[in-house]
Amino acid sequence: MKEFIRLLKMGNKSALWAAIVNLVVGLIKTAAYLLSGNVAMFAEMMHSFGDAANQFFVFIGSAFSKKAPTERFPGGFGRLVNLVLLGAVLIVGVLAYETIVEGLHHISDAVHSEEGFWLNVGVLGAAALLEGFVLYKAMREITEHLPEEKTRGLKFIPESYKNVKDAKPATKLVFLEDNVAVGGALLALIAIVLATYTPFHSATGYASVIIGIMLILVVGRVFLDNAAGALGAADVKMQARIGAKVLQHPKVNDIQDLDVIKEGDHFHVELKLEVDPQMTIAEADDIRDYIEKRIKEGVRGVTDVIIEFDEDDQVPTWIQPNGKA
């Protein structure tokens, strides 16, 4: 039990906040939908429950991915978060489908009604504010490693969009889903106003379809990212960074092979270095310790570094990002 609680404390905080907020928002929207029967509110209700389930799975997966390696799983549990996310997107996919179908039904059979207008407006306004709070948390987490001058004031907002590709899988999901959540709440709000005060009574149906399509786009993006993560995708940008650091050591003549595999939130690094064949074991061991320390200090999320040595064959192998060997 102590191990379980310890792991939960290490789970992704943005995902936990998102799960709690979306559950609360989903319950509020459910009450509003049952009272008003508004189809745009139904779409928003489904979206919130889908997000809550998804982000709860993400939190659990991110927590248990921190579990230490065992004899049965010596490679650790880093990819568990990717596997959990692959399952979670199925739920969101089903909810997206139901949202689109409900919207299409409303488009073909739109009925003008002003019942529950202010209730819907109040609920969607509150939902947009709560989802905006979670989005703010995710933005801050994405930009936490950036220099202070880049995140001062409101600068962190554009910087979060620029750096989302480098975010942790769990944080990236929260960021993408809450962008849709905030945008969806505002879209549904506009649709309700249009359906109530203009002849465009099917506006909420169209809003429902658009929200469903946005959900499908998020599902597709998350599925592709985490399928690659579950298979063990190489991080080319990180390889270039680590390669440049390693070659700064005066006794490393070349890099014969370098693999940086993303394991959930962490990186697994394997290096094969070419050195002077006359080098002693003690010298090679000092190089290994120095390089491992530099990599772990200079690159966030590196958990283990495996280094092998081979004699220098005098043939340049490693190509630097500037194209030079």
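Miscellaneous remarks
- Taken over the range 263-312, the criterion of being more than 18 Å from Ala68 (Cα to Cα) and in a strand (DSSP E or B) is satisfied by Glu270, Leu271, Lys272, Leu273, Glu274, Val275, Ile307, Glu308, Phe309, Asp310, Glu311.
- Search result, residues across the range 54-74 that are part of a helix (DSSP H, G or I) and open to solvent by 30 Å² or more (accessible area, probe 1.4 Å): Phe56, Phe57, Ile60, Phe64
- Residue under evaluation Lys272, criteria (1) among the basic types (Lys, Arg); (2) in contact with a Gly (Cβ under 7 Å, 6 or more places away or on another chain); (3) at pLDDT 85 or above, criterion not met: (2)
- Residues that are over 29 Å from Ala170 (Cα atoms), buried (at least 16 other Cβ atoms within 10 Å of the Cβ) and modelled with pLDDT under 75, drawn from the range 75-116: Ala110, Gly116
- Of the residues making up the range 183-219, those that are outside any helix (DSSP H, G or I), without any contact (Cβ under 8 Å) to a residue 40 or more places away in the chain and of a type in the set (Ser, Thr, Tyr) number 1.
- Pair list, Cβ under 7 Å, 6 or more apart: the range 72-94 residue over 21 Å from Ile211 (Cα atoms) and of a type in the set (Phe, Trp, Tyr), other residue open to solvent by less than 40 Å² (accessible area, probe 1.4 Å) and not in a helix (DSSP H, G or I): Phe77/Ser65
- Scanning the range 121-150 for residues that are farther than 21 Å from Lys29 by Cβ and open to solvent by 20 Å² or more (accessible area, probe 1.4 Å) yields Arg140, Glu141, Glu144, His145, Leu146, Pro147, Glu148, Glu149, Lys150.
- Residue check, Val236 of a type in the set (A, V, I, L, M) and in contact with a helix residue (DSSP H, G or I) (Cβ under 7 Å, 6 or more places away or on another chain): no
The values are calculated or read from the model by the stated rules, or taken from the named source; none is laboratory data. Computed from a predicted structure; not experimentally measured. Cβ coordinates were reconstructed from backbone atoms using ideal geometry, including for glycine residues, and neighbour counts include every protein chain displayed. Surface areas here come from the heavy atoms of the whole protein model, side chains and all, with no ligands, DNA or RNA. Shrake-Rupley method; radii C 1.70, N 1.55, O 1.52, S 1.80 Å.
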